[in-house]
Amino acid sequence: MAFSTLRLSSSSSCSRKINAVIHVPKLPKVIPYFSIPKIPTTKPVEELNLREGFKRIVPVEKTSTAPTHYKSPNSDAIAATTQLYAILEAVADRVEMHANIGKQRENWNTLLLNSVNMITLTAATMAGAAAIGGAGMPLLALKLSSTLLYSAATGMLLVMNKIQPSQLAEEQRNATRLFKQIQTQIQTMLAIGNPTEEDVKEVMKKVLAVDKAYPLPLLGAMLDKFPAKFEPSVWWPSNQQLQKKNKSCEGKQRGQKNNGWSEEMEVEMREIIEVVKRKDIEDYVRLGNLVLKINKILAIAGPLLTGIAAVGSAFVGNGSWAAVVAVAAGALGSAVNAFEHGGQVGMVFEMYRNCAGFFCLLQESIEATLEERDLEKRENGELFEMNVALKLGRSLSNLRQLARKSASSRMDGTAIDEFASKLF
């Protein structure tokens with residue numbers, strides 16, 4: 001009996017344990033919605049006002065976040081700067097392009113000169129050998145070879161004299177130098193800052209003027225290598241305003257009157273113009289016409305001599321004079337070709353055109369500056385005088401001495417015996 005009671009109690013306790021493990025007491029239901037307190041939306045300035053106890057609340061929405069002295073960037077200056085950078089890239093590309101083509105055309109001159117001279121001398125040697133070689137097939141072969149070589153040399157000389165490779169190379173060298181000047185001017189404008197639309201238009205005109213003065217293609221746009229009259233090169237716009245604005249206002253900063261100009265300086269600049277016109281430009285025009293005539297004579301004489309030699313070589317064996325004409329004309333043709341293209345007469349002609357154009361540009365620049373009656377719109381007088389002196393290779397004192405010498409010679413009615421430029 002006691003054993004059965006103990007068994008029932010143990011089974012009952014085990015049953016309670018199992019029930020306790022299986023039947024977890026239910027928790028109270030969680031409220032699905034919480035009442036989240038609202039975060040105050042007071043602005044920082046309002047909160048600061050409340051904490052400090054201010055009675056007046058500053059409206060944050062109307063407070064400006066930028067300082068009062070701040071100004072929006074100038075859209076015109078930004079647009080002009082962007083355009084100048086685009087032009088700068090185009091100018092840099094032109095510099096590289098003209099430099100490469102200049103080297104190529106210089107190689108043309110060297111290769112064509114050597115080739116034509118070798119062909120001409122070989123043809124002359126064959127003509128001489130045919131004259132002493134007897135008769136038969138060897139004579140015919142030598143005559144035919146000599147005639148063909150002379151004919152080839154004549155054709156190559158006609159093309160070579162037409163395009164003048166040495167002059168073409170000099171044109172590209174000048175174009176490279178001028179585009180580098182424009183590149184430097186653009187970089188200076190960008191360094192100074194605040195470029196205008198007028199600056200962009202002026203630079204564009206300069207670029208297009210150099211493109212027109214020194215074209216790249218040979219067919220259709222090539223410059224005339226044998227004009228009827230010598231004319232200086234013109235690589236600046238015809239309607240260009242040569243007078244530049246004095247952006248730095250250097251005269252005002254130094255406290256000078258009339259922007260650095262005086263009546264004596266204007267008289268000095270006019271005397272410099274007279275010396276440039278009477279001596280430098282006139283001398284280069286005279287030399288240019290002389291070189292032009294020499295180049296025309298050489299360009300005609302070279303192909304003419306080789307053509308005569310080709311005809312003479314065809315009659316070698318029919319008389320002694322045919323061989324003499326073939327050999328002598330070939331030798332003279334080779335000498336003329338060497339003098340014309342080896343001496344680079346075309347390059348000398350183009351150099352004189354460029355030098356005369358330089359002095360014409362200087363003359364127009366000084367005249368345009370003196371024609372401007374508003375002194376404040378002129379370039380600073382001292383700066384302008386220094387630029388003129390540097391372009392002529394003189395010091396300021398030497399430049400003033402030249403002006404006084406020119407004035408005294410005009411009063412005496414004598415010609416000045418000195419050129420304005422000491423550079424070239």
Which entries of LYS279/LYS422; LYS225/LYS293; LYS212/LYS277 have Cα-Cα distances beyond 20 Å here?
LYS212/LYS277
How far apart, in nm, are two points set 7 Å out from the Cα along the Cα-to-Cβ line at ALA335 and at ASP374?
6.6 nm
In order over segment 137-148: 3J(HN,Hα) from phi, Karplus 6.51/-1.76/1.60, θ = phi - 60°, whole Hz, x for each Gly or Pro, gives 5, x, 5, 5, 5, 5, 4, 5, 5, 5, 5, 5
Run the numbers for THR196 and ASP224: contour at 0.36 nm per residue of separation, minus the present Cα-Cα distance, in nm.
6.3 nm
Where does each of ASP374, ASP417 land when they are ordered by accessible area, with a 1.4 Å probe and the largest first?
ASP417, ASP374
For SER151, the accessible surface traced by a 1.4 Å probe with all protein chains present amounts, in square angstrom to the nearest 10, to 60 Å²
Average accessible surface area per residue within segment 166-213, 1.4 Å rolling probe, Å²:
47 Å²
Tell me the carbon and sulfur percent of the accessible area for segment 275-424, rounded to whole percent, probe radius 1.4 Å.
63 percent
For a quick check of understanding: with a 1.4 angstrom probe and all protein chains in place, what accessible area in square angstrom does ASP283 have, to the nearest ten?
40 Å²
Where segment 328-424 is the region considered: accessible area per residue in Å², 1.4 Å probe:
47 Å²
Under 25 °C and 0.890 mPa s, how fast does segment 276-345 diffuse according to Stokes-Einstein, given a Kirkwood radius computed over C-alpha pairs? Answer in µm²/s, whole number.
177 µm²/s
What the 10 Å binned alpha carbon P(r) of segment 149-190 shows, as percent of pairs per bin from 0, is 25, 26, 21, 15, 10, 4
Work out the charge dipole of segment 334-424 with +1 on the Cβ of Lys and Arg and -1 on the Cβ of Asp and Glu about the Cα centre, then indicate which of PHE349, ALA407, VAL388 is farthest towards its positive end.
ALA407
Using only the Cα atoms of segment 305-424, each taken as one equal point scatterer with no solvent, compute I(q) by the Debye sum, divide by I(0), and report log10 of the ratio at q = 0.09, 0.16 Å⁻¹.
-0.53, -0.91
Tell me, in nm to one decimal, what length is gained between ASN318 and ALA79 on full extension, where the rule is 0.36 nm per residue of separation less the Cα-Cα distance?
78.0 nm
At a Cα cut-off below 19 Å, give the aspartates and glutamates reachable from LYS391, other chains included and same-chain residues fewer than 8 away excluded.
GLU266, GLU268, GLU271, GLU274, ASP280, GLU282, ASP283, GLU364, GLU367, GLU379, GLU382, GLU418
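The values are calculated or read from the model by the stated rules, or taken from the named source; none is laboratory data. Remember, predicted model here, so these are calculated numbers, not experimental data. All Cβ positions, glycine included, derive from the backbone under ideal geometry; neighbour counts span all protein chains shown. Accessible surface is based on the protein model in full, side chains and every heavy atom, while ligands, DNA and RNA are left aside. Shrake-Rupley method; radii C 1.70, N 1.55, O 1.52, S 1.80 Å.
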